[in-house]
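The values are calculated or read from the model by the stated rules, or taken from the named source; none is laboratory data. Note that this is a predicted model, so its numbers are computed, not measured. Cβ placement follows ideal geometry from the backbone for every residue including glycine, while neighbour counts extend to all protein chains displayed.
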Amino acid sequence: MKRLAGVSASAKTSQASEEPRDSERIVGLTTHEEVYRRLRQQILYGGIKPGSAVTLRGLADELGVSSMPVREAVRRLIAERALLLQDNRRVMVPPMTRDTFEQILFARRALEPELAARALPKLTKKDIAAIEATDMAIDRAMRAGDTEGYMRANHQFHFSIYRKSEAWTLVALVESIWLQFGPFMRTAYGRIGTSTIEDHHEFALAAMNKGDVQGLRSAIDADIGQGMGFIGEAILTRAG
């Protein structure tokens, strides 16, 4: 991760990521799958703020669809622990407890460096060049104060590596884990202000270019520790 300067939670959306925006139709998908992915991205990038409850009708109106595909998408996201159903039939992002935080941190440190290590032998020079371009997009979003653009590009950076591992069961687990902490990263970024932090992405890129498996593992692990540290400081410390 990089130095994030004065980032606002309501900042504009970057064009850096290849992922579709909520307003864009995902070609070739059924309505149910499209709604699931769009809602999933809203959660991942902090579009549904922690602590804010929303109705299925409200989500349907926002996405411009009927309640049925929203209901199915919400059911899937509840199963992934990305949403929590309340007694009043509203849904919300589950609260971040210290126990949940520690489990997420443990799981990320166990899985993500392993995925990166498995991916490294399969990464071509073209792949690494594309990942470097994504890292540059992170820089641009950071300079523009574009929180969502930063988060999208950061997600793309990590998963461009992890998916090359072709360890799809592990990748799916990590994708689910990111859904659980993504909304809190958005909140944390909004509270950081101007911070100078070590750039572990550059260390990861250097390791990829050298074919250094252990160096890549260490860079990813350090990046995870730093990012999750933001959540611990911004969410748990203040709550405690």
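A few remarks follow.
- Scope region 34-74; condition among the aliphatic types (A, V, I, L, M) and farther than 27 Å from A172 by Cβ; matching residues: A53
- Selection status of P113, in contact (Cβ under 8 Å) with a residue 40 or more places away in the chain and surrounded by fewer than 21 Cβ atoms within 10 Å (Cβ to Cβ): no
- Any hit, region 56-77, residues being in contact with a helix residue (DSSP H, G or I) (Cβ under 6 Å, 6 or more places away or on another chain), under 23 Å from G227 (Cβ atoms) and touching a residue at least 60 places away in the same chain (Cβ under 8 Å): no
- When L179 is tested against (1) surrounded by fewer than 22 Cβ atoms within 10 Å (Cβ to Cβ); (2) of a type in the set (A, V, I, L, M); (3) over 22 Å from R81 (Cα atoms), exactly one condition is not met: (3).
- Among residues of region 38-70, those that are β-branched (V, I, T) and either in contact with an Asp or Glu (Cβ under 7 Å, 6 or more places away or on another chain) or over 27 Å from Y150 (Cβ atoms) (or both), counted: 3
- Restricting attention to region 29-64 and to residues that are among the hydroxyl-bearing types (S, T, Y) and more than 15 Å from R81 (Cα to Cα), the residue that is surrounded by the most Cβ atoms within 10 Å (Cβ to Cβ) turns out to be Y45.
- Options A137, A130, A79, A60; residue that is within 18 Å of P183 (Cα to Cα) and of a type in the set (A, V, I, L, M, F, W, C): A79
- Residues that are within 14 Å of G182 (Cα to Cα) and among the hydroxyl-bearing types (S, T, Y), drawn from region 33-55: Y45
- Here S66 fulfils each of the conditions (1) within 25 Å of I177 (Cβ to Cβ); (2) modelled with pLDDT under 95 apart from (1).
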